[in-house]
Amino acid sequence: MENITVKEIVEATGGILLCGDDTKVIRSFSIDSRQGDEDSIFVPIIGENVDAHKFIDSALKINGATFTSEHDSAVGAKPWIKVDDTVEAMQKLGTYYRNRMNLPVVAVTGSVGKTTTREMIGTALASQKRVFQTIGNQNSQIGVPLTLSRMTPEDEVAVLEIGMSERGQIEKLTKMIRPNIAVVTMIGVSHIAQLKTRENICLEKMDIVKGLPEDGLVFLNGDDAFLAPYRGKLSHKTFFYGMDRNCDYRAENVEVGGGQTRFVFFYKEGGEEKHFPVILGTMGVHNVRNALVALGVSHQMGLNVKEAAKALETFHGQRQQMHRLKSCTLIDDTYNASPDSMKASVNVLSSMEGVKGRRIAALADMLELGEQEKEYHYEVGAYIARTKVDEVAVYGELSKEIIRGVTENSDSIVTKYFSTREELASYLHREIRPEDVLLLKGSNGMKLKEIVDTFTKEE
């Protein structure tokens, strides 16, 4: 944040200054009492297990000010601001700062592919604009205001990611960031344990349009069975992207191989359909759709789409990292997992060309899938049975269903089950060969990243 005083913070949050100098300038948030500086304001968050208000005194040894919802008085040189809810105050301040930034904002949500899509849009736009992006995965009720606070007047466009875990959160976030362009990637089953049905998930994701101005634009995945029916039903101008012939931005002749993905990009300009070839620096048919919306957003923002496409040739992103190690070729897609993203990763593994060894999928449980969690894991296994994967090694109670899905639909794929992550890691290190390609994929809580680290740290 730039040039935000304590007085402005009090006004933006509806708080009360208990003590301290209201002319002090604040430049950032701190949500960890051990971090920050004299220009940051500490936000004591009340969590399930810990109320961070008890750390205010130690936080103020580092930070320049603090919020509080549990004190009615305070003394000292550093500002204490009394608010009803510290997280809500953080959100209000993030909104206040966003409103001071006169730049277009692209907001991205969806069950799968938010981060990669956001990164691709950012890469395409950065070919011709100074772009600010969500840092890491800060797309939550706390992460979004943290992200907003880091925007600067020098930024020309922002590409922000918004996520949710329960009903009502997308509307709150989209009204906070006020996007000019909204993107919905697809409707899957992530968080179905909380929202019960995919229809409810779709309704929640589509709340992203509630923060748009009247002249705002919407981009929807035209290949998604839940999003395609929105054609002609939104008041905002809407563009569809995908493989379907009716999409405004579509791809044909998709080819995956050699660490790249190639396709022909079709779009309309001046009433005339145009097309040209595009090369992505990453693999997977699912990444074609990510690229299509990146090019579509660039086009609607008036940028040169061929320059934007050129920038995607070197795109890799923070998901599906490929490491060419001495021990094997390793695909690290351990950040998170859902049935759709699991299938997409397996498809990348299956489509790799020139593999002299085995294609091995090391998988773990997909979490938070609700009452049908076993069926979703079996579905992934049945999907793998139709691919070129040679071996599936899993750990986790639910992943037994992946094995069952494989074995009941394929006689050729080798399957291995391990009761612990350590046993899986030991097996992989013992059996892996330099010619093999190894995919590691599972929900973040299953900590497969620790196995990735054991491979990469060796080299």
Note down the relative contact order for the chain as a percent, whole number, built from C-alpha pairs under 8 angstrom at least six residues apart. 11
Cross-link table Lys129/Lys388; Lys61/Lys205; Lys196/Lys233; Lys310/Lys441, entries beyond 32 Å C-alpha to C-alpha: Lys129/Lys388; Lys61/Lys205
Only helices counted: for the chain, with every DSSP H run of 4 or more residues adding -39500 (n - 2.57) and the sum spread over all residues, [θ] at 222 nm is -9000 deg cm²/dmol
Once phi is turned into θ = phi - 60°, what whole-Hz ³J(HN,Hα) does the Karplus curve with 6.51, -1.76 and 1.60 give for every residue of segment 236-247, x standing for Gly and Pro? 7, 5, 10, 10, 10, 10, x, 8, 4, 4, 7, 6
Please report the relative contact order for segment 338-407, taking Cα pairs under 8 Å with a sequence separation of at least 6, and give it as a percent rounded to a whole number. 39
If packing is taken as the average count of other Cβ atoms within 10 Å, what order do 402-408, 421-427 fall into, highest mean first? 402-408, 421-427
If I model a spin label as a point 7 Å beyond the Cα along the Cα-Cβ vector, how far apart are those points for Val50 and Lys447 in nm? 1.8
Given an 8 Å cut-off on Cα distances and at least 6 residues of separation, report the relative contact order of segment 355-459 as a percent. 36
So the compactness index of the chain, its C-alpha Rg divided by 2.2 N^0.38 Å, takes the value 1.05
So what's segment 110-177 giving for Cα Rg divided by 2.2 N^0.38 Å, two decimals? 1.10
What FRET efficiency comes out for the pair Glu431/Asn304, r = Cβ-Cβ distance, R0 = 41 Å, nearest 0.05? 0.25
In whole Hz, what ³J(HN,Hα) sequence does segment 413-423 give by Karplus (6.51, -1.76, 1.60; θ = phi - 60°), x for Gly and Pro? 7, 6, 10, 9, 10, 10, 7, 9, 5, 5, 5
What's the percent breakdown of Cα-Cα distances in segment 179-282 across 5 Å bins, shortest bin first? 2, 12, 18, 18, 19, 15, 11, 5, 1, 0
Share, in percent, of DSSP beta bridges within segment 171-271 that are antiparallel, nearest 5: 35
Share (percent) of C-alpha pair distances in segment 1-128 greater than 19 Å works out to 53
Plugging the Cβ-Cβ distance of Lys356 and Arg324 into 1/(1 + (r/R0)^6) at R0 = 22 Å yields, to the nearest 0.05, a FRET efficiency of 0.95
Residue separation times 0.36 nm, minus the C-alpha to C-alpha distance between Ser73 and Val264: what's the value? 62.3 nm
Everything considered on the Cα gyration tensor (a ≥ b ≥ c; rounded for a/c under 1.5, else prolate if a/b is larger than b/c, else oblate), segment 372-455 must be described as oblate
Can you give the FRET efficiency to the nearest 0.05 for Glu214 and Ile16, using r as the Cβ-Cβ distance and R₀ = 30 Å? 0.25
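A short reminder: the numbers here are calculations on the coordinates, not readings from a lab. Every value quoted in this text rests on a predicted model; they were computed, and no experiment measured them. Because the Cβ atoms are built from the backbone with ideal geometry, glycine has one as well, and the counts that use them run over all protein chains shown.
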